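Enquirer: Please see the structure below; I have some questions.
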Amino acid sequence: MVGIVEELVFRGYLYSFIRRYTWRPSIIIGVSAMAFGLIHWSDGLHNVVLTSLAGAVFMLLYLQTFSLPAIMASHFMVDFIACTDVIPKSIFNIY
């Protein structure tokens, strides 16, 4: 449910709100990504950065497809993989 609500808010509603003021995709992506990252502040700065990047990717995909169900499914898969350790987190360690 979290992915559905977040996508409705950050890709659906926020997109419509920002479009009232600008049509520039870079601003739409940036504002949405920053807002999306900041709601994850309780998990620390590292997570704010990662979720901001994910939010930018989700908004970029939304601007290409205008399909909220597809973005919701993508968000669900990211959350599912992160929460269930289907793919071990050690694979993503850089060092």
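The values are calculated or read from the model by the stated rules, or taken from the named source; none is laboratory data. Bear in mind the structure is a predicted one, so any value in this text is a computation, not a measurement. Counting neighbours? That spans all protein chains shown, and the Cβs are built from the backbone with ideal geometry, glycine included.
Enquirer: Restricting the search to the range 22-49, which residues are in a helix (DSSP H, G or I) and surrounded by 15 or more Cβ atoms within 10 Å (Cβ to Cβ)?
Expert: Step one: list which residues in the range 22-49 are in a helix (DSSP H, G or I), which gives 25-38, 41-43, 45-49.
Of everything in the range 22-49, those that are in a helix (DSSP H, G or I) and surrounded by 15 or more Cβ atoms within 10 Å (Cβ to Cβ) turn out to be Ile28, Ile29, Gly30, Val31, Ser32, Ala33, Ala35, Phe36, Gly37, Val48.
Enquirer: Which numbered condition in (1) hydroxyl-bearing (Ser, Thr, Tyr); (2) surrounded by fewer than 12 Cβ atoms within 10 Å (Cβ to Cβ); (3) in a helix (DSSP H, G or I) is the only one that Tyr15 fails?
Expert: (2)
Enquirer: Is there any pair with a first residue in the range 10-32 that is among the basic types (Lys, Arg) and a second that is buried (at least 19 other Cβ atoms within 10 Å of the Cβ) whose Cβ atoms are under 8 Å apart and which are 6 or more apart or on different chains, and what are they?
Expert: Short answer, once both residue conditions are applied: Arg11/Ser32; Arg11/Phe58; Arg11/Met59; Arg11/Tyr62; Arg11/Ile71; Arg19/Ile28.
Enquirer: Another question about this same structure. Which condition number in (1) over 11 Å from the mean Cα position of the chain (by Cα); (2) assigned to a helix (DSSP H, G or I); (3) at pLDDT 95 or above is the one that Val9 fails?
Expert: (1)
Enquirer: May I pose another question? Would you pick out the residues in the range 76-95 that are farther than 18 Å from Leu8 by Cβ, hydrophobic (A, V, I, L, M, F, W, C) and in a helix (DSSP H, G or I)?
Expert: First pass over the range 76-95, keeping only residues farther than 18 Å from Leu8 by Cβ: 80-95.
Now narrow it down to the ones that are hydrophobic (A, V, I, L, M, F, W, C): 80-83, 86-87, 91-92, 94.
Hits for the range 76-95 are Phe80, Ile81, Ala82, Cys83, Ile91, Phe92.
Enquirer: Starting from the range 46-61, take each residue that is without any contact (Cβ under 8 Å) to a residue 24 or more places away in the chain and list its partners that are outside any helix (DSSP H, G or I) and surrounded by 15 or more Cβ atoms within 10 Å (Cβ to Cβ), counting only C-beta distances under 7 angstrom and pairs at least six apart or across chains.
Expert: Within 7 Å, the pairs are Asn47/His40; Val48/His40; Thr51/His40.
Enquirer: Mind checking which residues of the range 52-75 are in a helix (DSSP H, G or I), more than 11 Å from the chain's Cα centre (by Cα) and either closer than 17 Å to Ala33 by Cα or among the charged types (D, E, K, R) (or both)? Steps first, answer last, please.
Expert: Residues of the range 52-75 in a helix (DSSP H, G or I): 52-65, 68-75.
Now restrict to residues that are more than 11 Å from the chain's Cα centre (by Cα): 63-65, 68-70, 73.
The answer is Leu63, Gln64, Leu68.
Enquirer: Quick one: Phe10 ticks every box in (1) over 16 Å from Ser67 (Cβ atoms); (2) surrounded by 12 or more Cβ atoms within 10 Å (Cβ to Cβ); (3) not small (Gly, Ala, Ser) except a single one, so which number is it?
Expert: All conditions pass for Phe10, except number (1).
Enquirer: Can you pull out every residue in the range 13-57 that is of a type outside the set (Gly, Ala, Ser), touching a helix residue (DSSP H, G or I) at 6+ places or on another chain (Cβ under 8 Å) and closer than 12 Å to Ile71 by Cβ?
Expert: Answer for the range 13-57, where residues must be of a type outside the set (Gly, Ala, Ser), touching a helix residue (DSSP H, G or I) at 6+ places or on another chain (Cβ under 8 Å) and closer than 12 Å to Ile71 by Cβ: Tyr15, Phe36.
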